[in-house]
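Structure first, then comments.
None of the figures in this text is laboratory data; all of them are computed from the coordinates on show. The model shown is predicted, which means the values in this text are computed figures rather than measured ones. Because the Cβ atoms are built from the backbone with ideal geometry, glycine has one as well, and the counts that use them run over all protein chains shown.
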Amino acid sequence: MDSLIVRGGHRLDGTLRASGSKNAALPIMAATLLAQGACHLERIPVLRDIATMLTLLSSLGATVSRAADGAVRIECDQACEVTAPYDLVKTMRASILVLGPLLARHGKAAVSFPGGCAIGSRPVDLHIQALEAMGAAISVEGGYILAEAPHGLVGTDFTFDITTVGGTENAVMAASLANGTTVLRNVAREPEIIDLVQFLRSMGADIAGEGTEMLTIRGVPCLTGGTYSVMPDRIEVGTYLVAAAATGGRVRMTDIDPSVLGVITDKLRSAGASVREGEQWVECEMDGKRPQAVDVTTEPFPGFPTDMQAQFTALNAIAQGEARVTETVFENRLMQAHEMRRMGAHIVIEGNTAIISGQPSLQGAPVMASDLRASASLVIAGLVASGETRIDRIYHIDRGYENIEGNLQSLGADIQRVSG
Ligand code: EPU
C-alpha cells in the first residue's frame with residue numbers, strides 16, 4: 001500500500017488548474033444511463049472513484065472509453081443489466097446513484113445496500129422514500145435494494161425530511177423520465193446538484209428550480225446523449241487554498257468561477273489570508289503570517305461544507321488562538337483530530353465539536369488516513385510540521401485528489417509517494 005512522506009516547513013507558492021469535480025462527475029456519469037445515444041463528458045478527473053463508476057457502468061453493459069485529454073465517452077444504449085454488485089458498491093457508496101436512473105430506464109434495479117462508512121452510518125432511506133413516492137415498489141433482500149416500477153415511475157410531490165445531496169440526485173434523475181410532473185421539496189442546493197440538472201437539461205430534461213429548495217421536473221419520454229463539461233472541484237480548490245494559508249504561502253487556482261467557493265473564501269479571510277478573485281481564478285496569500293483561529297460549523301450548502309471541515313481543523317491546529325469546529329452533517333467526521341494530536345495538536349473533542357488550541361508548530365509523525373478529507377487534512381498538517389510525516393492508507397486520498405503529490409511538488413512542497 002502506498003504512503004505519502006511529507007517533510008514540512010516549505011511555504012507553498014504557485015499556480016494550479018482546478019480539476020473537474022468528483023462529486024459532480026459521479027452523478028453525471030450515473031445519469032448517462034438515462035440517455036439514448038453517446039455522452040461525451042469533459043473535465044472528468046482521473047480518480048479512483050471515477051474509475052469505479054466507469055467499471056460499474058461497464059458492468060451494466062455500457063460502452064465506456066477515456067480519451068487522452070481526460071474526456072470520457074459513455075454509451076448506454078446496450079446497457080441492459082440492472083444489478084450494481086456488492087463488490088463495487090462496497091468500494092464506493094456513490095454507486096447508489098445508479099438506482100434512480102436504472103429504475104427510470106428499465107423499470108427495475110438491484111443495487112447492493114451501501115453499509116455505513118468511516119464518517120457515519122449514511123443511510124439511504126430518503127433515496128428509497130423519494131422513489132417509492134414515484135410509485136416504485138422497494139424491498140431489501142440478500143443485502144440488495146430491489147426496486148421495481150414495471151409500468152414506469154409517476155410524478156409526485158415529495159418533501160425530503162432532511163437535505164440530502166445523493167437523495168436529491170437520485171430523485172431528480174428518476175423523475176426526469178417519470179410520467180407527469182414531480183415536485184421535490186427541501187432538496188439540496190449544492191453547486192454539484194446545479195451541474196447535474198444542467199447536464200440533464202442538455203439531454204432534454206425539463207427541470208426548473210436548481211439552486212433553490214424546490215425542484216420541479218416535468219417527465220419526458222426519453223433523453224438523448226450529447227457533450228457536457230463538468231464543473232471544477234470546489235473542494236479540491238478549497239483544499240489547496242487552505243494549504244497555502246497554513247504554510248504562510250500563496251496559491252492561485254485557475255479555471256474556476258470563485259463564486260462557487262462561497263463561505264470557504266470568507267473563512268480564509270477570517271483566518272487572516274488575503275483572497276483575491278478574478279473571473280476564472282482565485283488566489284490565497286498569507287504572506288508568511290500565522291493564521292488566526294477561525295470557528296466553523298458545517299451545514300448543507302450554502303453553509304460551510306463538511307468536505308472542508310478537516311482541512312480547517314488542520315489550519316486551526318497551527319493558528320493563533322482557539323477555534324471551535326462543529327460537524328453537523330455526519331456523525332463521525334472528526335477522526336483526523338486524533339491523528340493530529342499525535343503530531344502535537346491540542347484538540348479536545350466535545351460531542352460533535354473539536355476545540356482546537358492553536359500551537360506555534362506541529363511535529364512530523366506517522367499517521368493514518370481514515371477517509372478522503374481526513375487524509376487531505378493530514379497532508380496539510382504534514383506540510384506545516386517540522387520533520388517527517390508519513391501518511392499511510394492514502395488510497396483514501398486517491399479517491400478524490402488527482403495527482404496530489406505532483407501538484408504539491410509543483411508548489412514547492414517536499415512530498416513523495418512511496419510503495420509498500
Ligand atoms: N442521510 C440520511 N438518509 C439518506 C441520505 C442521507 O439520513 O437517505 C443523511 C446522511 O447520513 C448524512 C446527511 O444525510 O448525515 C447528508 O448526507 P448526503 O446524502 O447529503 O451525502 P451524500 O450524498 O452521501 C455527498 C458527497 C459527500 C459530501 C456530502 C455532503 C458525493 C459522491 N458525496 O454525499 O462527499 O460530504 O454529499 O455534502 O457527492 C467527499 O467527497 O469526501 C464526500 C464524503
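Can you spot the lysines whose alpha carbon is less than 24 Å from Lys289's alpha carbon? Ignore those fewer than 8 places along the same chain.
Excluding near neighbours in sequence, the set is Lys267.
Please rank Ser259, Ser270, fewest neighbouring Cβ atoms within 10 Å first, as an exposure proxy. List each step's numbers first, then the result.
Numbers: Ser259 11, Ser270 15.
Arranged by neighbour count, lowest to highest, Ser259, Ser270 become Ser259, Ser270.
Provide the descending list of Cα extents for region 25-148 along its principal axes, expressed in whole angstroms.
Computed over region 25-148, the largest-to-smallest principal extents equal 41, 34, 21 Å.
If the only charges are +1 at each Lys and Arg Cβ and -1 at each Asp and Glu Cβ, what is the size of the charge dipole of region 1-120 around the Cα centre, to the nearest 20 debye? Before the final figure, lay out each step's value.
Values: 12 positive and 9 negative charges, 63 e Å.
Dipole magnitude for region 1-120 comes out near 300 debye.
With the contact rule set at Cα under 8 Å and sequence spacing of 6 or more, what percent relative contact order holds for the chain?
On the way: 1073 pairs, mean separation 88.5, N = 420.
Reported relative contact order: 21 percent.
Pick out, from Ser59, Val348, Val154, the residue whose Cα sits farthest towards the positive end of the charge dipole of the chain, with +1 on the Cβ of Lys and Arg and -1 on the Cβ of Asp and Glu.
Of the listed residues, the answer is Val348.
Could you work out how much longer the chain between Thr328 and Gln129 gets when fully extended? Use 0.36 nm per residue separation minus the Cα distance between them, nm to one decimal.
Numbers: separation 199, 0.36 × 199 = 71.64 nm, distance 2.25 nm.
My answer for the length gained is 69.4 nm.
Using alpha carbons only, how many angstrom separate the centre of region 358-420 from the centre of region 1-23?
Region 358-420 and region 1-23 have Cα centres spaced 8 Å from each other.
Å³ per residue of the Cα convex hull, for the chain?
About 123 Å³ per residue, rounded to a whole number.
Could you run the Debye sum over the Cα atoms of region 294-391, one equal point scatterer each and no solvent, and tell me log10 of I(q)/I(0) at q = 0.11, 0.23 Å⁻¹, two decimals?
Rounded to two decimals, the profile gives -0.26, -1.15.
Cut-off under 29 Å on the C-alpha distance; same-chain residues fewer than 8 positions from Lys90 excluded. Which lysines are left, in chain and number order?
In chain and number order, the partners are Lys22, Lys108.
Which of Gly225, Ala35, Ala245 sits closest to the plus end of the dipole of the chain, meaning its Cα is farthest towards the positive end, when Lys and Arg get +1 and Asp and Glu get -1 on the C-beta?
It is Ala245, whose Cα lies furthest towards the positive end.
Which distance in Å, rounded to a whole number, links the C-alpha centroids of region 193-222 and region 235-255?
About 32 Å separates the Cα centre of region 193-222 from the one of region 235-255.
If you place +1 on the Cβ of every Lys and Arg and -1 on the Cβ of every Asp and Glu, how big does the dipole about the Cα centre of the chain come out, in debye to the nearest 20? Before the final figure, lay out each step's value.
Working: 34 positive and 47 negative charges, 136 e Å.
In total the dipole reaches around 660 debye.
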